[in-house]
């Protein structure tokens, strides 16, 4: 599978599993078991949009693009500066 297919598959599967909307993909890499993808999800929308609560999800996919595991690694407000 190519990287574009993996990203699309990861976005669709994680959104279906969590019920959350995808904001952006922040990491994609391949390892010996499959793929690693990190996706920023919108956990709570708050007006104005810079007050939205986002979360980073670390996803492991097998070589066929199926999610093997995922974990939320960070939760933050959109206007928060990350170092």
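Worth a mention:
- Degrees between helix 3-18 axis and first principal axis of the chain (Cα, 0 to 90, nearest 10): 60 degrees
- Three-way shape label, the chain, alpha-carbon gyration tensor, a/c 1.5: prolate
- Here the sum of -39500 (n - 2.57) over DSSP H runs of 4 or more residues, divided by the residues of the chain, equals -6500 deg cm²/dmol at 222 nm, to the nearest 500.
- Whole-number percent relative contact order across segment 3-77, with pairs defined as alpha carbons under 8 Å at least 6 apart: 25 percent
- Judged by the gyration tensor of its Cα atoms, with axes a ≥ b ≥ c, segment 39-83 is prolate; a/c meets the 1.5 cut and a/b is the larger of a/b and b/c.
Readers should treat all values here as calculations from the given coordinates under stated rules, not as data from a laboratory. The shown structure was predicted, so the numbers you read here are calculated from the model rather than taken from an experiment.
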